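K.L.:
The structure that follows is given in the form of structure tokens.
The values are calculated or read from the model by the stated rules, or taken from the named source; none is laboratory data. Just so you know, these numbers come straight off a predicted model, no measurement behind them. Here the Cβ positions follow ideal geometry from the backbone for every residue, glycine too, while neighbour counts run over all protein chains shown. Only protein heavy atoms, including side chains, enter the accessible area calculation; ligands, DNA and RNA are left aside. Shrake-Rupley method; radii C 1.70, N 1.55, O 1.52, S 1.80 Å.
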Amino acid sequence: MKSILIKNASVVNEGTIEVKDVFVVDGFINQIGQDLSPENVEQTIDGTGKYLLPGVIDDQVHFREPGLTHKAHIASEAKAAVAGGVTSFMEMPNTKPPTTTIEKLEEKFTIAANTSLANYSFFFGATNDNIDEVLKVDKENVCGVKVFMGSSTGNMLVDNEKTLSELFSKCKMIIASHCEDDPMIKENQDKYVEEFGEDIPIKYHPKIRSEEACYSSSSKAVALAKKHGARLHILHISTAKELELFDNNIPLSEKKITSEACVHHMWFNDKDYETKGTLIKWNPAVKTAEDGKAILEAVIDDRIDVIATDHAPHTLEEKDNVYTKAPSGGPLVQHSLQVMFEFYKQGKISLEKMVEKMSHNPAILFEVEKRGYIREGYWADLVLFDPNASQTVAKDNILYQCGWSPFEGTTFSGKVSHTIVSGHLAYADGEFDESVKGKRLKFDR
């Protein structure tokens, strides 16, 4: 692994922006300062006019392997992530078979060790009947336990009250929850099927997966966590109403109940269904512009703790279907940093806050070992972002295996020029070096 010196970059880290040099040796940040001239520099990168950011840690992705590899592979999506400045990901358990045993969990780690350009961890999936297996998971080597308190993924729905109480009372890891009220959603959808048949107009998606369905489930999860003292992390908040469940009164490191915003719930709104159709069909649904605005405000004032993607690719053939058959989810991980930088350009968020929510806070929230910051002695997960290299998202620059993006036709103001993963220059000016794979994330718990 080459030693790398990054010169004259505007380092965005821990609430400041300063022009500095950063020297990387043997995977770690060795020196940070000005006018550095260390011996044995094997590669120098000019960061003049660019921002140097700690690598993004995306705490919610679906990379589809094993079993759904016609949509994506860990290898393909990790490359797209790295090109977008995401150096570490935490992947969800709803693969085929689902990751609901220790054996299946370790199989995914093996795949990632052999193929992932980014650093990685995997959530263990809770079901109505695997609590004994959940309690065997090693909290220092696994990011958390995922529970679907909604119908997003079929047989992984956890709706047994006894199971939920046992999970929240006994699990010592972070419980990451997808919160939507399944009976409420089914009742809503049945009404629209009665009116329209299977081909329900997509504009009714946020009425079917409604604000009430989200709040009902989220509030129940929060109540369970408070009752049992569990460590709860609610994923992809999509409504303004849910924000009343969270606060910003104490530091993140002391919070027992945390939450996540995803880029699509802030970028798109219900008016976009008219042009984007099922391409922006997600669970939970993209809702109103007012909801999106409120979510971004909650990110800024710390009621919401992290920004992620819920990257979940499907083929265009799958998406091009009637409402009841078109799957929910879409590919996002290559463009999340560009989306947030666009919000910065629009004056909606500072670069310091963006880095806090995409890099620092995921590291704090999950207690990730020596990542998430630009600090001497930490792993060198670094991203050079060129604020003046505009890019229009198009088929020829989309790296997802599925080959499409809901951002196609959007011109972003800047883009990633270089990504260093655990000290390895994995991506530089459109070219990948896949000779070194990412590392398994470790957790200080």
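K.L.:
Among the residues of segment 190-221 satisfying the criterion of being among the charged types (D, E, K, R) and part of a loop (DSSP other than H, G, I, E, B), which is surrounded by the most Cβ atoms within 10 Å (Cβ to Cβ)?
P.N.:
Arg209
K.L.:
Okay, moving on. Can you say whether Ser76 is open to solvent by 10 Å² or more (accessible area, probe 1.4 Å), over 18 Å from Leu117 (Cβ atoms) and not aliphatic (A, V, I, L, M), as far as the supplied structure shows?
P.N.:
The answer is no for Ser76.
K.L.:
Also: Just give me the residues in segment 403-416 being out of contact with any Asp or Glu (no Cβ under 9 Å at 6 or more places or on another chain) and touching a residue at least 24 places away in the same chain (Cβ under 8 Å), in sequence order.
P.N.:
Once the filter is applied, which keeps residues that are out of contact with any Asp or Glu (no Cβ under 9 Å at 6 or more places or on another chain) and touching a residue at least 24 places away in the same chain (Cβ under 8 Å), segment 403-416 yields Gly403, Trp404, Ser405, Phe407.
K.L.:
Find the residue count for segment 33-58, including only residues that are assigned to a strand (DSSP E or B), open to solvent by 20 Å² or more (accessible area, probe 1.4 Å) and more than 23 Å from Gly438 (Cα to Cα).
P.N.:
Taking segment 33-58 and keeping what is assigned to a strand (DSSP E or B), we get 33, 43-46, 51-54, 56-58.
Narrowing the set further to residues that are open to solvent by 20 Å² or more (accessible area, probe 1.4 Å) leaves 43-44, 46, 51.
With more than 23 Å from Gly438 (Cα to Cα) added as a condition, the list becomes 46.
Of the residues in segment 33-58, 1 are assigned to a strand (DSSP E or B), open to solvent by 20 Å² or more (accessible area, probe 1.4 Å) and more than 23 Å from Gly438 (Cα to Cα).
K.L.:
Condition test on Met1, is it touching a His at 6+ places or on another chain (Cβ under 7 Å) and surrounded by fewer than 23 Cβ atoms within 10 Å (Cβ to Cβ)? Even if it seems obvious, please write down each step before you answer.
P.N.:
Details: touching a His at 6+ places or on another chain (Cβ under 7 Å): yes; surrounded by fewer than 23 Cβ atoms within 10 Å (Cβ to Cβ): yes.
Yes.
K.L.:
Pairs, please: C-beta under 8 Å, at least 6 apart or cross-chain, first residue touching a residue at least 12 places away in the same chain (Cβ under 8 Å) and in segment 167-189, second among the hydrophobic types (A, V, I, L, M, F, W, C) and open to solvent by 50 Å² or more (accessible area, probe 1.4 Å)?
P.N.:
From segment 167-189, the pairs are Lys170/Leu135; Cys171/Leu135.
K.L.:
For segment 243-264, indicate whether the set of residues that are part of a loop (DSSP other than H, G, I, E, B) and small (Gly, Ala, Ser) is non-empty.
P.N.:
Within segment 243-264 (the criterion being part of a loop (DSSP other than H, G, I, E, B) and small (Gly, Ala, Ser)), the answer is no, since none of the residues qualifies.
K.L.:
May I pose another question? Looking at (1) more than 21 Å from Glu77 (Cβ to Cβ); (2) in contact (Cβ under 8 Å) with a residue 12 or more places away in the chain; (3) surrounded by fewer than 22 Cβ atoms within 10 Å (Cβ to Cβ); (4) over 19 Å from the mean Cα position of the chain (by Cα), which one does Ala380 not meet, given that it meets all the others?
P.N.:
(3)
K.L.:
Restricting attention to segment 100-150, which residues are open to solvent by less than 10 Å² (accessible area, probe 1.4 Å) and either free of Cβ contacts under 8 Å to residues at least 24 places away in the same chain or of a type in the set (Gly, Ala, Ser) (or both)?
P.N.:
Ala112, Ser116, Ala118, Ser121, Gly125, Ala126, Gly144, Gly150
K.L.:
Regarding segment 64-80, can at least one residue be identified that is without any contact (Cβ under 8 Å) to a residue 24 or more places away in the chain, of a type outside the set (A, V, I, L, M) and at negative phi? Working first, answer last.
P.N.:
Initially, segment 64-80 is screened for residues without any contact (Cβ under 8 Å) to a residue 24 or more places away in the chain, giving 69.
Okay, now just the ones that are also of a type outside the set (A, V, I, L, M), so 69.
This time we only want the ones that are at negative phi, so: 69.
Yes, segment 64-80 has at least one match.
K.L.:
Turning to a different aspect of this structure: Checking Thr419 against (1) in a loop (DSSP other than H, G, I, E, B); (2) in contact with a Phe, Trp or Tyr (Cβ under 6 Å, 6 or more places away or on another chain); (3) in contact (Cβ under 8 Å) with a residue 60 or more places away in the chain, which single condition isn't satisfied?
P.N.:
Unmet for Thr419, out of (1) in a loop (DSSP other than H, G, I, E, B); (2) in contact with a Phe, Trp or Tyr (Cβ under 6 Å, 6 or more places away or on another chain); (3) in contact (Cβ under 8 Å) with a residue 60 or more places away in the chain: (1).
K.L.:
Another question about this same structure. Restricting to segment 383-395, give me the number of residues that are of a type in the set (Phe, Trp, Tyr) and open to solvent by 30 Å² or more (accessible area, probe 1.4 Å).
P.N.:
So the count comes out to 0.
K.L.:
Evaluate segment 333-342: report whether one residue or more is surrounded by fewer than 16 Cβ atoms within 10 Å (Cβ to Cβ) and either touching a residue at least 40 places away in the same chain (Cβ under 8 Å) or not basic (Lys, Arg) (or both). Let's see the steps before the verdict.
P.N.:
Filtering segment 333-342 down to residues surrounded by fewer than 16 Cβ atoms within 10 Å (Cβ to Cβ) leaves none.
Taking every residue of segment 333-342 in turn, none turns out to be surrounded by fewer than 16 Cβ atoms within 10 Å (Cβ to Cβ) and either touching a residue at least 40 places away in the same chain (Cβ under 8 Å) or not basic (Lys, Arg) (or both).
K.L.:
Count, please, the residues in segment 403-443 that happen to be under 18 Å from Ala118 (Cβ atoms) and either of a type outside the set (D, E, K, R) or open to solvent by less than 30 Å² (accessible area, probe 1.4 Å) (or both).
P.N.:
20
K.L.:
Lys287 - would you say it is basic (Lys, Arg), open to solvent by 10 Å² or more (accessible area, probe 1.4 Å) and within 21 Å of Lys319 (Cβ to Cβ)?
P.N.:
yes
K.L.:
Within segment 336-379, track down each residue that is closer than 18 Å to Ile295 by Cβ and part of a loop (DSSP other than H, G, I, E, B).
P.N.:
Correct list: Gln346, Gly347, Lys348, Ile349, Ser350.
K.L.:
If you scan segment 79-99, which residues turn out to be farther than 14 Å from Gly67 by Cα and either of a type outside the set (Ser, Thr, Tyr) or open to solvent by 10 Å² or more (accessible area, probe 1.4 Å) (or both)?
P.N.:
Once the filter is applied, which keeps residues that are farther than 14 Å from Gly67 by Cα and either of a type outside the set (Ser, Thr, Tyr) or open to solvent by 10 Å² or more (accessible area, probe 1.4 Å) (or both), segment 79-99 yields Lys79, Ala80, Ala81, Val82, Ala83, Gly84, Gly85, Val86, Phe89, Met90, Glu91.
K.L.:
Would you tally the residues in segment 222-263 being in contact with a Gly (Cβ under 8 Å, 6 or more places away or on another chain) and surrounded by fewer than 24 Cβ atoms within 10 Å (Cβ to Cβ)?
P.N.:
1
K.L.:
I've got another one for you. Which condition does Asn321 not pass, out of (1) part of a loop (DSSP other than H, G, I, E, B); (2) closer than 26 Å to Asp182 by Cα; (3) open to solvent by less than 30 Å² (accessible area, probe 1.4 Å), if it passes all the others?
P.N.:
Failed condition: (3).
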